[in-house]
1. Could you check how many residues of segment 152-169 are part of a strand (DSSP E or B) and either basic (Lys, Arg) or more than 17 Å from Asp48 (Cα to Cα) (or both)?
2. Quick one: would you say Val82 is under 18 Å from Ala121 (Cβ atoms), in contact with a strand residue (DSSP E or B) (Cβ under 9 Å, 6 or more places away or on another chain) and among the aliphatic types (A, V, I, L, M)?
3. May I ask you to list the residues in segment 29-69 that are at pLDDT below 90 and among the polar types (S, T, N, Q)?
4. Between a first residue in segment 123-151 that is at positive phi and a second residue that is among the charged types (D, E, K, R) and surrounded by 14 or more Cβ atoms within 10 Å (Cβ to Cβ), which pairs have beta carbons less than 6 Å apart while being 6 or more apart in sequence or on different chains?
5. Go through the residues of segment 124-136 one by one and say whether even a single one is under 22 Å from Arg25 (Cα atoms), surrounded by fewer than 23 Cβ atoms within 10 Å (Cβ to Cβ) and among the polar types (S, T, N, Q).
6. Identify, from the list Glu120, Glu86, the residue that is in contact (Cβ under 8 Å) with a residue 40 or more places away in the chain and of a type in the set (Asp, Glu).
Amino acid sequence: GGGSASVSVPVLRRATAADRRAIERLVVWNHLSLSADEPEELEAQERDVPADFGVLRDAASFAASAHFVAEAGGEVVASAGVARAEGGEAGEWRLCSVSTAPSHRRRGLARACCAAALEEARAAGAAAVTLSTLEERMLAACRLYESLGFALERREAARRLPRSMTVLWYRKEVGAAGPGESVAEE
């Protein structure tokens, strides 16, 4: 076929500080697009952006995290990151910034970015990684997280009007063996 020469194969790599704004644009755009058809909900979601995406909005927080991206044609098309959880248990990290451009979905890019981020957290000594997502419009994400070994811990009704929105909290134990320890059973 004729047009395939211009298609760029995505490359997975560790994100740099220069990628922060591109990741933020991708993640926030995808987040807000979930509510684009409901103006009242969209307004509430826009108000939540600073709190929901602090790791991306603050350069120091981003620098303290570990993000991975899939890049195609010079553009960030998927991302995932991990950061130490603020106010969480010792050794608890959060999976964050999981997003894929609509044009690149269903290719395993989010899975690859998540796997790299989870390995980074484990190697850095994380005991567990947590995440939160929305039940009503994030079913593909929920399936991805469950397939990566995350277990649903709790659900919380965040809003009923203009339509229901339920936050799901997931957790995955990743605890790496410490120096001199073995993960094999004795």
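1. Taking segment 152-169 first, the residues part of a strand (DSSP E or B) are 152-159, 165-169.
Imposing the further condition that a residue be either basic (Lys, Arg) or more than 17 Å from Asp48 (Cα to Cα) (or both) reduces the set to 152-155, 159, 169.
Count: 6.
2. Numbers: under 18 Å from Ala121 (Cβ atoms): yes; in contact with a strand residue (DSSP E or B) (Cβ under 9 Å, 6 or more places away or on another chain): yes; among the aliphatic types (A, V, I, L, M): yes.
For Val82, the condition - under 18 Å from Ala121 (Cβ atoms), in contact with a strand residue (DSSP E or B) (Cβ under 9 Å, 6 or more places away or on another chain) and among the aliphatic types (A, V, I, L, M) - is met.
3. Across segment 29-69, the qualifying residues are Asn30, Ser33, Ser35, Gln45.
4. Gly149/Lys172
5. Looking for residues that are under 22 Å from Arg25 (Cα atoms), surrounded by fewer than 23 Cβ atoms within 10 Å (Cβ to Cβ) and among the polar types (S, T, N, Q), one finds at least one in segment 124-136, hence yes.
6. Unique residue meeting the criteria: Glu120.
Every residue, every condition in (1) farther than 13 Å from Glu92 by Cβ; (2) in a helix (DSSP H, G or I), yes or no:
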residue: Arg111; (1), (2): yes, yes
residue: Cys114; (1), (2): yes, yes
residue: Glu119; (1), (2): yes, yes
residue: Leu131; (1), (2): no, no
residue: Cys142; (1), (2): yes, yes
residue: Gly149; (1), (2): yes, no
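The values are calculated or read from the model by the stated rules, or taken from the named source; none is laboratory data. Keep in mind that this is a model prediction, so the values were computed, not measured. Note: ideal-geometry Cβ built from the backbone for every residue, glycine included; neighbour counts use all protein chains shown.
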